[in-house]
1. From the list Met328, Met333, exactly one residue is in a strand (DSSP E or B) and within 30 Å of Trp193 (Cβ to Cβ). Which is it?
2. Restricting the search to segment 8-46, which residues are touching a strand residue (DSSP E or B) at 6+ places or on another chain (Cβ under 9 Å) and either under 24 Å from Trp193 (Cβ atoms) or crowded, with 23+ Cβ neighbours inside 10 Å (or both)?
3. If Val3 satisfies all but one of (1) assigned to a helix (DSSP H, G or I); (2) aliphatic (A, V, I, L, M); (3) free of Cβ contacts under 8 Å to residues at least 60 places away in the same chain; (4) surrounded by fewer than 24 Cβ atoms within 10 Å (Cβ to Cβ), what's the number of the condition it fails?
4. Quick one: how many residues across segment 127-155 are touching a His at 6+ places or on another chain (Cβ under 9 Å) and crowded, with 21+ Cβ neighbours inside 10 Å?
5. Residues of segment 225-256 being of a type in the set (Phe, Trp, Tyr), in contact with a helix residue (DSSP H, G or I) (Cβ under 8 Å, 6 or more places away or on another chain) and in contact (Cβ under 8 Å) with a residue 40 or more places away in the chain, which ones?
6. Which is assigned to a loop (DSSP other than H, G, I, E, B) and surrounded by fewer than 20 Cβ atoms within 10 Å (Cβ to Cβ), of Pro124, Pro78, Pro103?
7. Considering (1) closer than 30 Å to Asp282 by Cα; (2) touching a Leu at 6+ places or on another chain (Cβ under 9 Å); (3) part of a loop (DSSP other than H, G, I, E, B), say which one Val154 fails and leave the rest.
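None of the figures in this text is laboratory data; all of them are computed from the coordinates on show. Just so it is clear, the structure is predicted and the values come from calculations on it, not from any experiment. Cβ placement follows ideal geometry from the backbone for every residue including glycine, while neighbour counts extend to all protein chains displayed.
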Amino acid sequence: MPVITTIEDLRVLAQKRVPRMFYDYADSGSWTESTYRANSDDFQKIKLRQRVAVNMENRSTATKMVGQAVKMPVCIAPVGLTGMQSADGEIKAAKACETFGIPFTLSTMSICSIEDVAEHTTAPFWFQLYMMRDREAMARMIERCKVAKCSALVLTLDLQVIGQRHKDLKNKMRASVIPSLGNIVNIATKPRWVLGMMGTRRHTFRNLVGHVKGVSDMSSLASWTNEQFDPTLNWDDVAWVKAQWGGKLILKGIMDVEDAKLAVASGADAIVVSNHGGRQLDGAPSSIEALPAIVAAVGDQIEVWMDGGIRSGQDVLKAWALGARGTMIGRAMVYGLGAMGEAGVLKALEIIHKELDVTMAFCGHTNIQNVDKSILLPGTYPTA
């Protein structure tokens, strides 16, 4: 086993162990992937100010996200098909998050169901919801979240239509997850993954199959999914979700100041500055580039978080310094899961936390609550 010191180490190992169609599904962007790349590249442009002769003992990265105590300002972003990166992947990731002390967000398009995750964990998790045409199905899903005692609902706003991801087309990825002959050959070269999948019955979108009217198998799911994402989504629909849910509501996919103001007016508890990991509008700015203006506009009225491009604890610290009161990570979790299962997710979180903690100390702080943009070198970071 190689020594794992970075998220990149986990990515390389995941690429070796996960079938190409599923690895590419997670590790790709839309069209030219320029926004996908910018999400990470723009973090590297931001430079830190090192301070010395400062007491670095008794450090803390702890904070709260929508009132929930977290070990660091990080939660897991919703990622579809996580259970295809590793058998029972959502359960493994949720258990790792519980062990570490941050929230896990389950995707609507997960392999393990709400009930599966609830059965195998004790800490409350969050659930991510897409706006779909079938309001009855949405209402039932929200009710299932209440029964499972989910502590927050994440409503994704930026998937009214789906951005074209070339790798998925070339790999013949479908909503039905039926591999082509080429994919079957590739899967045969991943014995660890195959053995894991043989040991579980969870191979379908279990949040949907058996829970949505007319969806009883994968073929009917494919046609249902293709028709369901609602291109007519508007702020009245957000109000409907809020009324149905009645709990903490997080709106994900905000990239514009005007939309951020409308999100505040909707009564949401937090917003996530996010371009869907560069998987939707290619050519949009990176999330970290968009963050300062949104923080300046609404940061005193609502919790502003961000996701997109975070691969290290330094990235988390930079986002916090620019006003994000929380971050979400998706691919870093997926890499850990694909590489080493539950232990890999825990390793990814430990790597990010250690980098965050030590970098904060180098910048002259022992408590993340006192960190602001003064730790950043002027002229290297985006401004409002």
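1. Working: Met333 fails: in a strand (DSSP E or B).
From the options Met328, Met333, the qualifying one is Met328.
2. Passing the criteria: only Asn39.
3. It is condition (1) that Val3 fails.
4. The initial filter retains those residues of segment 127-155 that are touching a His at 6+ places or on another chain (Cβ under 9 Å), namely 137, 140-141, 144.
From what's left, crowded, with 21+ Cβ neighbours inside 10 Å: 141.
Going through segment 127-155 one residue at a time, the tally reaches 1.
5. Residues of segment 225-256 of a type in the set (Phe, Trp, Tyr): 229, 235, 240, 245.
Then keep just the ones that are in contact with a helix residue (DSSP H, G or I) (Cβ under 8 Å, 6 or more places away or on another chain); that gives 235, 240, 245.
Residues satisfying the conditions are Trp240, Trp245.
6. On the way: Pro78 fails: surrounded by fewer than 20 Cβ atoms within 10 Å (Cβ to Cβ); Pro103 fails: surrounded by fewer than 20 Cβ atoms within 10 Å (Cβ to Cβ).
Unique residue meeting the criteria: Pro124.
7. Val154 satisfies every listed condition except (3).
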